[in-house]
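Trainee: First the structure, which I've put down as structure tokens, then a few questions once you've had a look.
Nothing in this text is a laboratory measurement; each read-out follows from the coordinates by a stated rule. Treat the numbers as computed from the prediction; the structure is a model and nothing was measured. Cβ atoms come from the backbone with ideal geometry, glycine included; neighbour counts cover every protein chain shown.
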Amino acid sequence: PKCPLYATTGILCPGCGSQRALHSLLHFNLVGAMANNMLFLPAVLLSIYHYSIDFINAFYDKNYTSILAHKKAPILILVLISLFWILRNIPVYPFNLLAPH
């Protein structure tokens, strides 16, 4: 499915290209995944890390804390996503490399 924001306004959202990035990642094509959405692979790795910490804490009776539990983590993530959103819509080099290929 096409991105509704891109279809109506022509503006790339931070998630544009994620479906193709997931497809590339499932075929072990890391370069293709990064070419479609640069934030997708780091987001997947961060999610795996976070849920691994939860798994370790639950099954091995540990008390590790994920970096995502820090009180400033949501603000940092919001700033990074917003910056990515703005920069990927600038149609000049090197920012156009952030757009899906």
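Trainee: Output wanted: per-residue J couplings in Hz (rounded whole) for segment 82-95, from phi through Karplus 6.51 cos²θ - 1.76 cosθ + 1.60, θ = phi - 60°, x for Gly and Pro.
Mentor: Going residue by residue, I get 5, 5, 4, 4, 5, 5, 6, 9, 8, x, 10, 5, x, 5 Hz, with x marking Gly and Pro.
Trainee: Please give the calculated 222 nm ellipticity per residue for the chain, where each DSSP H segment of at least 4 residues contributes -39500 (n - 2.57) and the sum is spread over every residue; nearest 500 deg cm²/dmol?
Mentor: That calculation yields -17500 deg cm²/dmol at 222 nm.
Trainee: Any number yet on Rg/Rh for the chain, C-alpha, Kirkwood?
Mentor: Answer for the chain: 1.06.
Trainee: Output the relative contact order of the chain, whole-number percent, from Cα pairs under 8 angstrom with separation of 6+ residues.
Mentor: The normalised contact order for the chain reaches 28 percent.
Trainee: Separate question: May I ask which residue of A58, V31, L87 lies farthest towards the positive end of the charge dipole of the chain, with charges of +1 (Lys, Arg) and -1 (Asp, Glu) on Cβ and the Cα centre as origin?
Mentor: L87
Trainee: Shifting gears a bit: Could you please state, rounded to a whole Å, how far the C-alpha centre of segment 58-94 is from the C-alpha centre of segment 19-41?
Mentor: What the calculation gives is 18 Å, centre to centre.
Trainee: In addition: What is the dipole size for the chain, taken about its Cα centre, with +1 at each Lys and Arg Cβ and -1 at each Asp and Glu Cβ, in debye to the nearest 20?
Mentor: 200
Trainee: What net charge do the residues around C13 carry, taking every other residue with its C-beta under 12 Å from that of C13, with Lys and Arg at +1 and Asp and Glu at -1?
Mentor: +2
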